[in-house]
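The values are calculated or read from the model by the stated rules, or taken from the named source; none is laboratory data. Remember, predicted model here, so these are calculated numbers, not experimental data. Here Cβ is always computed from backbone atoms with ideal geometry, including for glycine, and neighbour counts include all displayed protein chains.
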(Lines give C-alpha, C1' and ligand atoms only; values in the text may rest on other atoms or scores of the structure.)
Protein backbone atom coordinates (compact mmCIF):
# COMPACT_ATOMS: atom_id res chain seq x y z
CA UNK A 1 0.00 0.00 0.00
CA UNK A 2 1.94 3.08 -1.17
CA UNK A 3 -0.05 5.71 0.73
CA UNK A 4 1.41 5.25 4.18
CA UNK A 5 1.36 7.69 7.07
CA UNK A 6 3.80 6.81 9.83
CA UNK A 7 3.89 8.59 13.16
CA UNK A 8 6.71 6.75 14.94
CA UNK A 9 9.80 4.70 14.15
CA UNK A 10 9.57 1.17 12.83
CA UNK A 11 12.13 -1.52 12.08
CA UNK A 12 12.43 -0.27 8.50
CA UNK A 13 11.87 3.44 9.08
CA UNK A 14 13.79 5.75 11.43
CA UNK A 15 13.27 9.48 11.85
CA UNK A 16 16.25 11.65 12.77
CA UNK A 17 18.95 9.07 11.97
CA UNK A 18 22.54 9.39 13.15
CA UNK A 19 24.23 11.70 10.61
CA UNK A 20 27.29 9.43 10.53
CA UNK A 21 25.15 6.71 8.95
CA UNK A 22 23.83 9.16 6.34
CA UNK A 23 26.92 10.95 4.99
CA UNK A 24 30.02 9.21 3.64
CA UNK A 25 32.60 11.68 4.97
CA UNK A 26 33.06 14.88 6.95
CA UNK A 27 29.67 14.72 8.64
CA UNK A 28 30.16 18.11 10.25
CA UNK A 29 30.68 19.69 6.85
CA UNK A 30 27.50 18.16 5.42
CA UNK A 31 25.47 19.29 8.42
CA UNK A 32 26.33 22.89 7.58
CA UNK A 33 23.99 22.63 4.59
CA UNK A 34 21.90 19.44 4.80
CA UNK A 35 19.76 17.92 7.57
CA UNK A 36 19.06 14.14 7.78
CA UNK A 37 15.34 13.65 8.33
CA UNK A 38 14.63 9.93 7.94
CA UNK A 39 16.07 6.60 6.83
CA UNK A 40 14.13 3.85 5.04
CA UNK A 41 15.12 0.25 4.39
CA UNK A 42 15.04 -0.27 0.64
CA UNK A 43 13.47 -3.70 1.09
CA UNK A 44 10.33 -1.96 2.33
CA UNK A 45 9.90 -0.51 -1.15
CA UNK A 46 11.16 -3.49 -3.16
CA UNK A 47 11.92 -6.89 -1.66
CA UNK A 48 14.79 -7.37 -4.11
CA UNK A 49 16.63 -4.29 -2.88
CA UNK A 50 19.09 -4.22 0.00
CA UNK A 51 20.49 -1.43 2.13
CA UNK A 52 19.08 1.89 3.22
CA UNK A 53 18.23 5.26 1.69
CA UNK A 54 17.76 8.63 3.33
CA UNK A 55 15.46 11.64 3.17
CA UNK A 56 17.73 14.66 3.60
CA UNK A 57 16.74 18.34 3.52
CA UNK A 58 18.86 21.33 2.46
CA UNK A 59 18.79 24.51 4.55
CA UNK A 60 18.01 26.53 1.42
CA UNK A 61 16.12 28.23 -0.18
CA UNK A 62 15.94 31.25 2.07
CA UNK A 63 13.89 33.89 0.25
CA UNK A 64 15.02 37.48 0.06
CA UNK A 65 16.74 38.88 -3.01
CA UNK A 66 17.77 35.41 -4.13
CA UNK A 67 14.36 33.87 -3.56
CA UNK A 68 13.18 30.83 -5.43
CA UNK A 69 14.28 27.23 -5.05
CA UNK A 70 17.51 25.72 -3.85
CA UNK A 71 20.21 26.01 -6.52
CA UNK A 72 18.39 28.72 -8.46
CA UNK A 73 21.26 31.21 -8.11
CA UNK A 74 24.27 28.92 -8.40
CA UNK A 75 24.18 27.76 -12.02
CA UNK A 76 27.98 27.77 -12.26
CA UNK A 77 28.06 24.73 -9.97
CA UNK A 78 25.16 22.76 -11.36
CA UNK A 79 25.56 19.12 -12.38
CA UNK A 80 23.13 16.76 -14.03
CA UNK A 81 21.74 15.72 -10.64
CA UNK A 82 22.09 19.05 -8.83
CA UNK A 83 20.14 21.90 -10.42
CA UNK A 84 17.28 24.19 -9.35
CA UNK A 85 14.97 22.32 -6.95
CA UNK A 86 16.82 19.02 -7.45
CA UNK A 87 19.71 17.55 -5.45
CA UNK A 88 21.32 14.17 -6.13
CA UNK A 89 23.70 11.96 -4.16
CA UNK A 90 25.97 8.99 -4.85
CA UNK A 91 25.37 6.08 -2.47
CA UNK A 92 28.30 3.97 -1.27
CA UNK A 93 28.24 0.31 -0.16
CA UNK A 94 27.36 1.39 3.39
CA UNK A 95 24.34 3.36 2.19
CA UNK A 96 25.98 6.73 2.84
CA UNK A 97 25.61 9.82 0.68
CA UNK A 98 28.10 11.95 -1.22
CA UNK A 99 26.73 15.14 -2.77
CA UNK A 100 26.75 14.99 -6.58
CA UNK A 101 28.08 18.55 -6.83
CA UNK A 102 30.48 20.98 -5.19
CA UNK A 103 29.27 22.57 -1.95
CA UNK A 104 29.22 25.87 -3.84
CA UNK A 105 25.90 24.62 -5.20
CA UNK A 106 24.58 26.08 -1.95
CA UNK A 107 24.34 29.84 -1.85
CA UNK A 108 25.73 30.00 1.67
CA UNK A 109 29.02 28.24 0.88
CA UNK A 110 32.12 30.40 1.35
CA UNK A 111 29.96 33.47 0.78
CA UNK A 112 32.58 36.02 1.86
CA UNK A 113 34.93 34.87 -0.91
CA UNK A 114 32.60 34.12 -3.82
CA UNK A 115 32.79 36.10 -7.02
CA UNK A 116 29.59 34.66 -8.52
CA UNK A 117 27.12 35.81 -5.85
CA UNK A 118 26.34 39.33 -4.70
CA UNK A 119 24.02 39.91 -1.75
CA UNK A 120 23.10 43.10 0.05
CA UNK A 121 23.87 43.29 3.74
CA UNK A 122 20.14 42.83 4.43
CA UNK A 123 19.92 39.68 2.31
CA UNK A 124 23.13 38.31 3.78
CA UNK A 125 21.74 38.76 7.26
CA UNK A 126 18.48 37.07 6.24
CA UNK A 127 20.38 34.11 4.81
CA UNK A 128 22.28 33.65 8.07
CA UNK A 129 19.09 33.98 10.11
CA UNK A 130 17.24 31.41 8.00
CA UNK A 131 20.06 28.89 8.44
CA UNK A 132 20.06 29.51 12.19
CA UNK A 133 16.27 29.23 12.48
CA UNK A 134 16.10 25.97 10.52
CA UNK A 135 18.92 24.42 12.51
CA UNK A 136 17.27 25.48 15.77
CA UNK A 137 13.92 24.06 14.66
CA UNK A 138 15.48 20.78 13.56
CA UNK A 139 17.36 20.42 16.86
CA UNK A 140 14.21 21.18 18.87
CA UNK A 141 12.09 18.68 16.95
CA UNK A 142 14.76 15.99 17.09
CA UNK A 143 14.99 16.36 20.87
CA UNK A 144 11.19 16.21 21.14
CA UNK A 145 11.05 13.07 19.01
CA UNK A 146 13.75 11.35 21.05
CA UNK A 147 11.86 12.13 24.25
CA UNK A 148 8.31 11.28 23.14
CA UNK A 149 8.78 8.96 20.15
CA UNK A 150 6.67 11.20 17.92
CA UNK A 151 6.33 14.77 16.72
CA UNK A 152 3.33 16.83 17.80
CA UNK A 153 1.48 19.96 16.80
CA UNK A 154 3.03 23.10 18.27
CA UNK A 155 -0.20 23.89 20.16
CA UNK A 156 -0.48 20.38 21.65
CA UNK A 157 -0.26 20.06 25.43
CA UNK A 158 0.50 17.05 27.57
CA UNK A 159 -2.00 15.50 29.93
CA UNK A 160 -0.61 13.26 32.64
CA UNK A 161 2.74 13.54 30.92
CA UNK A 162 1.48 12.31 27.52
CA UNK A 163 0.40 13.83 24.23
CA UNK A 164 -2.79 12.65 22.58
CA UNK A 165 -2.43 10.56 19.43
CA UNK A 166 -4.53 13.00 17.41
CA UNK A 167 -1.94 15.74 18.00
CA UNK A 168 0.84 13.77 16.29
CA UNK A 169 2.46 15.01 13.09
CA UNK A 170 2.90 12.56 10.24
CA UNK A 171 6.47 11.49 9.48
CA UNK A 172 5.62 10.19 5.99
CA UNK A 173 2.96 10.77 3.39
CA UNK A 174 3.65 8.05 0.88
CA UNK A 175 6.11 5.15 0.61
CA UNK A 176 6.45 3.21 -2.63
CA UNK A 177 4.19 3.29 -5.63
CA UNK A 178 4.35 6.38 -7.82
CA UNK A 179 4.62 10.07 -6.91
CA UNK A 180 1.77 11.41 -9.02
CA UNK A 181 1.75 14.86 -10.53
CA UNK A 182 2.61 17.98 -8.55
CA UNK A 183 4.44 21.29 -8.62
CA UNK A 184 7.74 19.44 -8.40
CA UNK A 185 7.25 18.03 -11.90
CA UNK A 186 6.71 21.40 -13.57
CA UNK A 187 8.33 24.05 -11.39
CA UNK A 188 11.80 23.53 -12.86
CA UNK A 189 13.37 21.55 -15.69
CA UNK A 190 14.51 17.99 -15.10
CA UNK A 191 14.23 15.14 -17.62
CA UNK A 192 11.10 13.15 -16.81
CA UNK A 193 9.37 10.15 -18.30
CA UNK A 194 5.67 9.38 -18.02
CA UNK A 195 4.71 5.90 -16.82
CA UNK A 196 1.41 4.07 -16.64
CA UNK A 197 0.14 3.26 -13.16
CA UNK A 198 -3.00 2.57 -11.13
CA UNK A 199 -4.45 5.01 -8.59
CA UNK A 200 -5.86 4.29 -5.14
CA UNK A 201 -9.29 3.50 -6.61
CA UNK A 202 -7.79 1.01 -9.05
CA UNK A 203 -8.22 3.26 -12.07
CA UNK A 204 -5.48 3.67 -14.70
CA UNK A 205 -3.41 6.84 -14.48
CA UNK A 206 0.00 8.24 -15.37
CA UNK A 207 2.83 9.50 -13.20
CA UNK A 208 6.15 11.22 -13.93
CA UNK A 209 9.51 9.78 -12.91
CA UNK A 210 12.93 11.44 -13.31
CA UNK A 211 15.38 10.07 -15.85
CA UNK A 212 19.10 9.46 -15.29
CA UNK A 213 21.76 10.83 -17.61
CA UNK A 214 21.85 7.61 -19.65
CA UNK A 215 18.08 7.68 -20.20
CA UNK A 216 17.18 5.02 -17.63
CA UNK A 217 14.60 5.96 -15.02
CA UNK A 218 14.66 6.44 -11.28
CA UNK A 219 12.22 4.65 -9.00
CA UNK A 220 10.06 6.41 -6.43
CA UNK A 221 10.85 5.84 -2.76
CA UNK A 222 8.36 8.16 -1.11
CA UNK A 223 7.49 11.62 0.11
CA UNK A 224 7.58 13.16 3.56
CA UNK A 225 6.36 16.50 4.94
CA UNK A 226 9.55 18.49 5.54
CA UNK A 227 7.59 20.91 7.71
CA UNK A 228 6.98 18.19 10.31
CA UNK A 229 10.72 18.02 10.91
CA UNK A 230 11.73 21.65 10.27
CA UNK A 231 9.03 24.19 11.04
CA UNK A 232 10.37 26.82 8.63
CA UNK A 233 10.49 24.55 5.56
CA UNK A 234 6.93 24.36 4.11
CA UNK A 235 7.35 21.74 1.41
CA UNK A 236 7.05 18.03 0.74
CA UNK A 237 10.33 16.22 0.14
CA UNK A 238 10.29 13.57 -2.61
CA UNK A 239 12.95 10.87 -2.86
CA UNK A 240 13.89 8.73 -5.89
CA UNK A 241 16.38 5.88 -6.26
CA UNK A 242 18.40 4.41 -9.12
CA UNK A 243 19.30 0.85 -8.04
CA UNK A 244 21.78 0.12 -10.86
CA UNK A 245 23.74 3.36 -10.55
CA UNK A 246 23.29 3.69 -6.78
CA UNK A 247 21.96 7.22 -6.89
CA UNK A 248 19.51 9.07 -4.67
CA UNK A 249 17.63 12.05 -6.07
CA UNK A 250 15.54 14.54 -4.13
CA UNK A 251 13.15 17.30 -5.13
CA UNK A 252 10.69 19.55 -3.33
CA UNK A 253 6.98 20.14 -3.83
CA UNK A 254 6.06 23.64 -2.70
CA UNK A 255 2.48 24.59 -1.87
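Only one of these is out of contact with any strand residue (DSSP E or B) (no Cβ under 6 Å at 6 or more places or on another chain), surrounded by 11 or more Cβ atoms within 10 Å (Cβ to Cβ) and modelled with pLDDT under 90: 125, 153. Name it.
125
One line per residue, one yes/no per condition, for (1) surrounded by fewer than 16 Cβ atoms within 10 Å (Cβ to Cβ); (2) in a loop (DSSP other than H, G, I, E, B); (3) at pLDDT 95 or above:
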| site | (1), (2), (3) |
| --- | --- |
| 187 | no, yes, no |
| 196 | yes, no, no |
| 202 | yes, yes, no |
| 222 | no, no, yes |
| 231 | no, yes, no |
| 239 | no, no, yes |
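Mind checking which pairs have a first residue in the range 159-176 that is without any contact (Cβ under 8 Å) to a residue 24 or more places away in the chain and at negative phi and a second that is in a strand (DSSP E or B) and surrounded by 18 or more Cβ atoms within 10 Å (Cβ to Cβ), Cβ under 8 Å, 6 or more apart or different chains?
163/152; 167/152
For the subset of the range 95-115 comprising residues that are touching a strand residue (DSSP E or B) at 6+ places or on another chain (Cβ under 9 Å) and not in a loop (DSSP other than H, G, I, E, B), which member is farthest from residue 36 (Cα to Cα)?
Going through the qualifying residues, I end up with 105.
Go through (1) surrounded by 16 or more Cβ atoms within 10 Å (Cβ to Cβ); (2) modelled with pLDDT under 85 and name the single condition residue 130 misses.
(2)
Is it true that residue 118 is under 30 Å from residue 9 (Cα atoms), modelled with pLDDT under 90 and part of a loop (DSSP other than H, G, I, E, B)?
No, not satisfied.
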